[in-house]
Amino acid sequence: MLPLRCQLPLLLLLLPLGSRPQKFPTRDEELFQMQIRDKAFFHDSSVIPDGAEISSYLFRDTPKRYFFVVEEDNTPLAVTVTPCDAPLEWKLSVQELPEEASGEGSGDPEPLEQQKQQITSEEGTELFSYKGNDVEYFVSSSSPSGLYQLDLLSTEKDTHFKVYATTTPESDQPYPELPYDPRIDVTSLGRTTVTLAWKPSPTASLLRQPIQYCIVINKEHNFKSLCAVEAKLSSDDAFMMAPKPGLDFSPFDFAHFGFPADSNSGKERGFLKSSKFGRQTSSKPRVDLHKVCIGNKNIFTVSGLKPDTQYYFDMFAVNTNTNMSTAYVGTFARTKEEAKQKTVELKDGKVTDVFIKRKGAKFLRFAPVSSHQKVTFSVHSCLDAVQIQVRRDGKLLLSQSAEGVRQFQLRGKAKAKYLIRLKGSKKGASMLKILATTRPNKQSFPSLPEDTRIKAFDKLRTCSSVTVAWLGTQERNKFCIYKREVDDNYSEEQKKREQNQCLGPDTRKKSEKVLCKYFHSQNIQKAVTTETIRGLQPGKSYLLDVYVIGHGGHSVKYQSKLVKTRKFC
């Protein structure tokens, strides 16, 4: 537990001055449940309750600090921070409690100013820090007693965020668990409809907890949290701009941050209604972002879409008891074209995403604006191989199968126009990225060796480590390796379903990252690198992935490798 007791004079200074006395919540008090339901209780408090998610806000470049106390050593601890509509910088640190504040204590308490000086003058020991917009976790099975301090900062804009802390992470489990395959499958595509399917959350199928699924559809990008979706739905760009000194600060309406409406606030701040900066407390959702919750079904057809339009789909499992959510791996799909086949125009040097239905075809057109000696087509097939044909002014120049990353260089011709035909796989829908350019040095995709397998050395296997190797090229690229523990019955068929080469490292959890390094060799025969992955558990199976990241920022995943540590050493 995070025992936040009133008897600790150390924390009294955390109460807002001028507010009525508040009783710090504990997991043992009936009053705690009432306080949790009263969301206003925590809005003005710097104390993080144990086992409850709090929502709050940050003004740009204005740090915020939260505290909680762990009274006993070797206490399990888990802290989760969820950024909503902007990246966050946050740090968790701990410092020892003064002797007068630990245990029952004796004698008169120290003056508040002296206690405040003790807290603020000590930085404490940093346990964890993070910068970004991912949902990030700090987990420890044995934490020391002390005063814990969580510092948060947003440098981009005013933003919402959520924090959850617990000392009983094994039993709480407020966030729904993801299935072994957390992807969303596109099972059917129409001109105005897309049918999605996904594996149910084990929290619903095994633990029998009430779970509902919420689908988010938009045309811009995938979302990493439901909090980010809700922030975008209610965002008002003019309102969310950073406050300027003077009168510009006054119009901020805290209802945007989830505060309950105050019946007196209108009287006290009535001038806002006539101010040109004033904002209504209810904002309209943006028309290009939609959220729909569908209960516990695991298949759903999205309708009312536009033909030949790319949409991004995200799925969130929501525990209706805790109202806390977990994101599936999002996907994207392009709806079918109208009856008349439309040709996609390629721009010189720009990567274009292409979706092709099973046994379908797509036509693309490339018309360079200037004279050129050569033209290069780079194709990155995300799943299975695709067939590519290139015609120049009606003459067939190229007809080949493309799998993984392929580059085709053709002789140019003044004022030539190129027609590209892409044919999908017979096994299922195809996704790929294509780039056409007349600039020979424009390389968006990293070069790959012919063999993209990861080799594991069985004789070097131990109970806590495995050693692997993979091939590189003569081009200096960045390689990142990730690991993920899987069940012993994890099959090759399951591994095959996760071979989308276009999903980059940004879709992985930070905890799964092993390392990143740069590597190349002028001698292609020696372009091989090895790496020993340590800190594994005995007798456990792991799925290893290697990503190569090119100079343009695009990444390609090698073939996944399933390894298992020795059970006895």
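Only one entry of Lys459, Lys415, Lys478 meets the criterion of being on the phi > 0 side of the Ramachandran plot and either not aliphatic (A, V, I, L, M) or not in a strand (DSSP E or B) (or both), and that entry is Lys415. Answer yes if at least one residue in segment 390-409 is hydroxyl-bearing (Ser, Thr, Tyr), surrounded by fewer than 18 Cβ atoms within 10 Å (Cβ to Cβ) and over 30 Å from Leu206 (Cβ atoms), and no otherwise. Looking for residues that are hydroxyl-bearing (Ser, Thr, Tyr), surrounded by fewer than 18 Cβ atoms within 10 Å (Cβ to Cβ) and over 30 Å from Leu206 (Cβ atoms), one finds at least one in segment 390-409, hence yes.
For the residues Ala165, Ala228, the requirement of being within 30 Å of Ser430 (Cα to Cα) and either outside the structural domain of Tyr328 (by the TED database) or surrounded by 15 or more Cβ atoms within 10 Å (Cβ to Cβ) (or both) singles out Ala228.
When we screen Lys433, Lys417 for residues that are of a type in the set (Lys, Arg) and open to solvent by 80 Å² or more (accessible area, probe 1.4 Å), the only hit is Lys417. The set of residues in segment 297-346 being of a type in the set (D, E, K, R), in contact (Cβ under 8 Å) with a residue 24 or more places away in the chain and more than 27 Å from Pro176 (Cβ to Cβ) consists of Lys306, Asp308, Arg334, Lys336, Glu337, Glu338, Lys342.
Among the residues of segment 534-547, are any at positive phi and either open to solvent by less than 60 Å² (accessible area, probe 1.4 Å) or in contact with a helix residue (DSSP H, G or I) (Cβ under 6 Å, 6 or more places away or on another chain) (or both)?
There is at least one residue in segment 534-547 that is at positive phi and either open to solvent by less than 60 Å² (accessible area, probe 1.4 Å) or in contact with a helix residue (DSSP H, G or I) (Cβ under 6 Å, 6 or more places away or on another chain) (or both).
Here's the yes/no breakdown for (1) modelled with pLDDT of 90 or more; (2) open to solvent by 70 Å² or more (accessible area, probe 1.4 Å):
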position	(1), (2)
Val344	no, no
Arg358	no, yes
Phe363	yes, no
Lys374	no, yes
Ser378	no, no
Ala385	no, no
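The residue that is least open to solvent (accessible area, probe 1.4 Å), among those in segment 306-332 that are closer than 16 Å to Phe355 by Cα and either of a type in the set (A, V, I, L, M) or assigned to a strand (DSSP E or B) (or both), is Phe313.
When Thr452, Thr467, Thr462 are checked against the criterion of being within 28 Å of the chain's Cα centre (by Cα) and surrounded by 13 or more Cβ atoms within 10 Å (Cβ to Cβ), a single residue qualifies: Thr452.
In this structure, Tyr518 does not qualify as in contact with a Lys or Arg (Cβ under 6 Å, 6 or more places away or on another chain), crowded, with 18+ Cβ neighbours inside 10 Å and not aliphatic (A, V, I, L, M).
If only residues of segment 553-569 that are open to solvent by 50 Å² or more (accessible area, probe 1.4 Å) and outside any strand (DSSP E or B) are counted, the one that is modelled with the lowest pLDDT is Gly553. Residue under question is Ala527, and the condition is that it be open to solvent by less than 30 Å² (accessible area, probe 1.4 Å) and either at pLDDT 85 or above or not hydroxyl-bearing (Ser, Thr, Tyr) (or both); does it hold? Spelling it out, Ala527 is indeed open to solvent by less than 30 Å² (accessible area, probe 1.4 Å) and either at pLDDT 85 or above or not hydroxyl-bearing (Ser, Thr, Tyr) (or both).
Considering segment 193-219, the residues that are open to solvent by less than 60 Å² (accessible area, probe 1.4 Å) and more than 23 Å from the chain's Cα centre (by Cα) include one that is nearest to Val318 (Cα to Cα), namely Pro210. Applying the condition of being open to solvent by less than 30 Å² (accessible area, probe 1.4 Å) and not in a loop (DSSP other than H, G, I, E, B) to segment 481-493 and asking which residue is farthest from Thr530 (Cα to Cα) yields Val486. The set of residues in segment 53-88 that are open to solvent by 20 Å² or more (accessible area, probe 1.4 Å), assigned to a loop (DSSP other than H, G, I, E, B) and closer than 17 Å to Glu136 by Cβ comprises Asp85, Pro87. Within segment 420-430, track down each residue that is buried (at least 18 other Cβ atoms within 10 Å of the Cβ) and assigned to a loop (DSSP other than H, G, I, E, B). Gly424, Ser425, Ala429 - these are the residues of segment 420-430 that are buried (at least 18 other Cβ atoms within 10 Å of the Cβ) and assigned to a loop (DSSP other than H, G, I, E, B).
The values are calculated or read from the model by the stated rules, or taken from the named source; none is laboratory data. Keep in mind that this is a model prediction, so the values were computed, not measured. Note that we place each Cβ from the backbone using ideal geometry, even for glycine, and neighbour counts take in every protein chain shown. Please note that ligands, DNA and RNA were not included when accessible areas were found on the heavy atoms of the full protein model with its side chains. Shrake-Rupley method; radii C 1.70, N 1.55, O 1.52, S 1.80 Å.
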